Amino acid sequence: MLLIFKSLNYLFNYLVIPVRAVVGLPREELEKLSKTELIDKIIQLEAYNFQLKNIFNKKLDENDDDLRDELKELNQLNDQCKTEKPEDVNKKNAIEDSTEGSPENPNAVGNKKNKKREFDFSKCHKRHVLMKFLYFGWDYQGYACQEDSNATIEYHLFRALTRACLIESRNSSNYHRCGRTDKEVSAFCQVISIDLRSKFPPEEQYEEDSLKNEIDYCGLLNRILPKNIQCIAWMPLRSPVYSARFDCVARTYRYYFPKGDLNIEAMQKACKLLQIHGDFRNFCKMDVHNGVTNYIRNLQAANVLPCPNVQDEQRQGYSMYFLEIKANAFLWHQIRCIMAVLLLIGQEKEEPEVITELLDVEKNPCKPQYTPAIGLPLNLFNCEFREKTCRRTDEELAMAAQTDDIVPPQEEIMDIDSTPDTSPWIYNEENLQKLIENVQSEWTQFSIKSTMIRNVLHNLETLLDEQFKPQAVQSQVLLLQDGVKPRQYQKLLTRKRCESLENRIEHFVKKQRLIVN
């Protein structure tokens, strides 16, 4: 222990203290030091500088050109300091100080020519498009940007868009997203609508040659984006107000899970009861504080299906299934809450009819207390869009206001102009091949881990059978049920209830944080 302490004390004195002391010493004090002391301090500074460069290189993002330029300048400065004499350096600094910012000295610190030339978007054409992305969300804090974290999908997306000079800023990009996924949730079909820089003027943008020779949006972004966030395709849009959020008519999610000890037939029976246009306040996390007071959703389909291309094993608990659920829109944590109840039904702790009871908000206005399933197995699998937007441009709204017109329904808009706003998705063969390579790398990495874990499980299960011959252990789904496992299970309808929707609305109205008409 004493040896470790002495070593740490030596490192601290050797690396940290001298650097601070040298920085604060004036030239007069340095001149009083002996030759040996000066050599020691130079060695210390070089060691410290070497450490800083190593840390800088480790932290450096492989795509961050700005930081690489700064590191290059730092290395050049270090080399220059090694070769130049002190009097030459002083003369050069004096000359630069006297001519700072002057046109005769292009290397001066204050000269604007040293700065990178900004991209002039006023000279560029724009086009309104849909863009389709996939991402694996387990390394991120969710899709939407957050003030306290850069580990979001949206942060990396806009970082890539601005670095590729496809947009000037988020505020001016006419941006909408189809879905807002939570922490760890993935997407195979996340779609955004946005205005991007184009090579062609608006009147030429839908010509066949223009579409073929347009900027390779996907390829350009995929070279900047992380490998677990990639652009699949893009679609030109005719209406400048077409929205990935408001013109999406259906969203499909999949929640993957192992069979374990679940009764799949009971879960499938419960799914049929979920297919209803009803109030799902007992199957979500209510966010009244954000102004959401309507919890009616049209759940169009819900099914529990076996995963394709997955062979059942002798121990059926390891075969994989997924819940596929489709609706016009979803509430906060709605699918995770539905999955939590379905897992209880699959474990035969609840009857399938509990779904009907929870959907009856007159009989059960308050949600029983239960924990949603974890978000890791969930992904946004597909999105469907209407051909013609239901939104109107500023010019159309102005004309309607002058004539006291009312916004027509979707059917009437289609009759006015039969040309659809959407068009086929545009794919690129080379980009798709690279995308498949990236996803195959992800698959290889996790498949190796899965196979290694599965072999360990096989050996442990064989050992347990040979030594004790107990009942088979099937606890694969315990991870999905986020929360403490109680010793004695309590039925959902007998549990403590959360506050009712009406009480929450009244609470926020009293605090003047919500206005209800």
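The values are calculated or read from the model by the stated rules, or taken from the named source; none is laboratory data. Remember, it's a predicted structure, so these values are computed and weren't measured experimentally. So basically every Cβ, Gly included, is an ideal-geometry build from the backbone, and we count neighbours across all protein chains shown. The protein model used for the area step is the full one, side chains on, heavy atoms only, and it has no ligands, DNA or RNA in it. Shrake-Rupley method; radii C 1.70, N 1.55, O 1.52, S 1.80 Å.
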Out of (1) hydroxyl-bearing (Ser, Thr, Tyr); (2) touching a helix residue (DSSP H, G or I) at 6+ places or on another chain (Cβ under 9 Å); (3) in a helix (DSSP H, G or I), the one Thr462 does not meet is (2)
Scanning segment 335-391 for residues that are more than 28 Å from the chain's Cα centre (by Cα) and within 18 Å of Met320 (Cα to Cα) gives Leu344, Ile345, Gly346, Gln347
Over segment 292-311, the set of residues in a loop (DSSP other than H, G, I, E, B) and surrounded by 12 or more Cβ atoms within 10 Å (Cβ to Cβ) is Val292, Thr293, Tyr295, Cys307
Just one listed residue, out of Val473, Val477, is open to solvent by 60 Å² or more (accessible area, probe 1.4 Å) and touching an Asp or Glu at 6+ places or on another chain (Cβ under 8 Å), and it is Val473
Going through (1) touching a Ser or Thr at 6+ places or on another chain (Cβ under 9 Å); (2) crowded, with 19+ Cβ neighbours inside 10 Å; (3) under 29 Å from Arg254 (Cα atoms) one by one, Ile167 fails only at (3)
Output for Cβ contacts, cut-off 9 Å, separation at least six or different chains, first residue free of Cβ contacts under 8 Å to residues at least 40 places away in the same chain and in a helix (DSSP H, G or I) in segment 36-52, second β-branched (Val, Ile, Thr) and surrounded by 14 or more Cβ atoms within 10 Å (Cβ to Cβ), reads Lys41/Val19; Lys41/Val22; Gln44/Val19; Gln44/Val22; Leu45/Val19; Leu45/Val22; Tyr48/Val19
Scanning segment 193-234 for residues that are assigned to a strand (DSSP E or B) and touching a Ser or Thr at 6+ places or on another chain (Cβ under 6 Å), the one most open to solvent (accessible area, probe 1.4 Å) turns out to be Asp195
Across (1) open to solvent by less than 60 Å² (accessible area, probe 1.4 Å); (2) modelled with pLDDT of 95 or more; (3) more than 30 Å from Ile264 (Cβ to Cβ), Pro420 clears everything bar (2)
Here the qualifying pairs (Cβ atoms under 6 Å; residues six or more apart or on different chains; first in segment 341-358 and farther than 15 Å from Gln275 by Cα; second open to solvent by 30 Å² or more (accessible area, probe 1.4 Å) and aromatic (Phe, Trp, Tyr)) come out as Lys349/Tyr489
Please determine whether any residue of segment 236-247 is within 20 Å of Ala144 (Cα to Cα) and touching a helix residue (DSSP H, G or I) at 6+ places or on another chain (Cβ under 7 Å). no
ask   = Any residue at all in segment 507-514 that is assigned to a loop (DSSP other than H, G, I, E, B) and in contact with a strand residue (DSSP E or B) (Cβ under 8 Å, 6 or more places away or on another chain)?
value = no
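Yes/no per residue for (1) open to solvent by less than 20 Å² (accessible area, probe 1.4 Å); (2) closer than 18 Å to Gln190 by Cβ; (3) part of a strand (DSSP E or B):
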site	(1), (2), (3)
Glu324	no, yes, yes
Trp332	no, yes, no
Ile335	yes, yes, no
Leu343	yes, no, no
Glu351	no, no, no
Glu357	no, no, no
Glu362	no, no, no
Pro365	no, no, no
Asn382	no, yes, yes
